[in-house]
Amino acid sequence: MTEEEKVARNVAIVRQFIDAWGAIDVDAAMACLSDDIEYINQPLDPVCGQHDVRKIVDGIMQLSKKVHWELRNCFGRGNVVVTERLDCWDFDGNGWGLKLPCIGMFDVNDDGKISGWRDYFDNRMWFENGGPTLHLD
Amino acid sequence: MTSQADKIARNEATVRAFLKGWDDLDVEACMAQVTEDMCYLNQPLEAIRGKENVRKMIASIFAPAKRCKFELKNVFGHENKVITERVDRWDWTGSGTWELELKVCGMFELTENGRIIEWREYYDNEDWTRKGGPSLVL
């Protein structure tokens, strides 16, 4: 696989992951992630492994009526992909109650699965507009 | 004619020079890399527009800082964009320790001639203010 092909493959898996959020499909989302996935909502503690990350992803999706992550920029280099996004959330069926500007950095492993996911955003904006917990209690 | 790869390398070098200006607390070194109509956006705050306003903002961040060091975790460009994933470390009081270690991503947009025209920072604003970061509003 050329470097270009690898980056294209990595970008495709990240786009697939983002589409799964739009479909509110936890299985489709988790299928994009490696067994040893490390998920960090900066500056919170990392959540590691399929089991624990699924709990968080599922918890957020359960509370979501509609999700649309507008992808403003998406490109890769080596095994890293950046997504600059506006994450639109409808938590109560009354429209986009939260539009969260966000950057997500993704590490993709040799098998083409996402093994690192680091989101950067303003936590207060998330929590004050209906965003549910982002750590396991 | 500059090739696309050359242009991306040049853009990355511009962004690295801009961030080096922060390490040196050197406002003019930073400003040498930006356009007159530059826009600086700290999500989720108000955008700061124009070189003079951005200069004021950066100078007022540098004013209370004793030392600063930006660790670059990832820097790479695509078309006219450059992404930086960083840990920005600040010593505000001269304690010799890093009192603030801010995890942050900055997305830069550059002009055809390789100057920074837009800079969008994504981070947790409370993490910044709680650990000594000064106001980011003019």
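Just so it is clear, none of the values below were taken in a lab; they were calculated from the coordinates. Quick caveat: nothing in here was measured; it's all calculated off a predicted structure. All Cβ positions, glycine included, derive from the backbone under ideal geometry; neighbour counts span all protein chains shown.
A few notes on this one:
- Estimated FRET transfer efficiency (A:ALA31, A:ARG72; beta-carbon r; R0 35 Å; 0.05): 0.90
- Taken along its three principal axes, the alpha carbon spread of chain B comes to 50, 28, 25 Å, from the longest extent down to the shortest.
- Centroid-to-centroid separation of the range A:64-137 and the range B:23-46 [C-alpha atoms, Å]: 26 Å
- Site pair A:CYS48 and B:ARG16 shows an inter-label distance of 3.2 nm when each label is modelled 7 Å from Cα along Cα→Cβ.
- With the simple model of a label 7 Å out from the Cα in the direction of the Cβ, B:SER3 to B:GLU112 spans 2.2 nm.
- Between A:GLN62 and A:THR133, the modelled label-to-label distance comes to 1.1 nm, taking each label 7 Å out from Cα in the direction of the beta carbon.
- Assigned charges on the beta-carbon of Lys, Arg, Asp, Glu; chain B dipole about Cα centre (debye): 200 debye
- With Cα atoms, 0 to 90° folded angle of helix B:4-23 axis to chain B main axis: 20 degrees
- Simple Cβ-charge dipole of the range A:1-130, Lys/Arg +1 and Asp/Glu -1, about Cα centre, in debye nearest 20: 340 debye
- Rounded to 10°, Cα long-axis angle of helix A:49-62 versus longest principal axis of chain A: 40 degrees
- For A:LYS99, the aspartates and glutamates whose Cα falls under 19 Å of its own Cα, not counting residues fewer than eight places away in the same chain, are A:ASP19, A:GLU70, A:GLU84, A:ASP87, A:ASP90, A:ASP119, A:ASP122, A:GLU128, B:GLU46, B:GLU121, B:ASP124, B:GLU126.
- Its relative contact order, with pairs defined as Cα atoms under 8 Å and 6+ residues apart, puts the range B:1-94 at 27 percent.
- Debye, to nearest 20: dipole size of the protein assembly as shown, +1 on Lys, Arg Cβ, -1 on Asp, Glu Cβ: 600 debye
- Averaged over peptide A:98-111, the number of partner chain Cβ atoms lying within 10 Å of each residue's Cβ comes to 2.
- Folded to 0 to 90 degrees: helix B:51-62 orientation relative to chain B principal axis, Cα: 40 degrees
- Computed [θ] at 222 nm, deg cm²/dmol, chain A (DSSP H ≥ 4; -39,500 (n - 2.57); rounded to nearest 500): -9500 deg cm²/dmol
- The relative contact order of chain A comes to 25 percent, based on Cα pairs under 8 Å that sit 6 or more residues apart.
- Links that overshoot a 26 Å alpha carbon limit, given the list B:LYS20/B:LYS73; A:LYS65/B:LYS131; A:LYS6/A:LYS55; A:LYS6/B:LYS20; B:LYS56/B:LYS131: A:LYS65/B:LYS131; A:LYS6/A:LYS55; A:LYS6/B:LYS20
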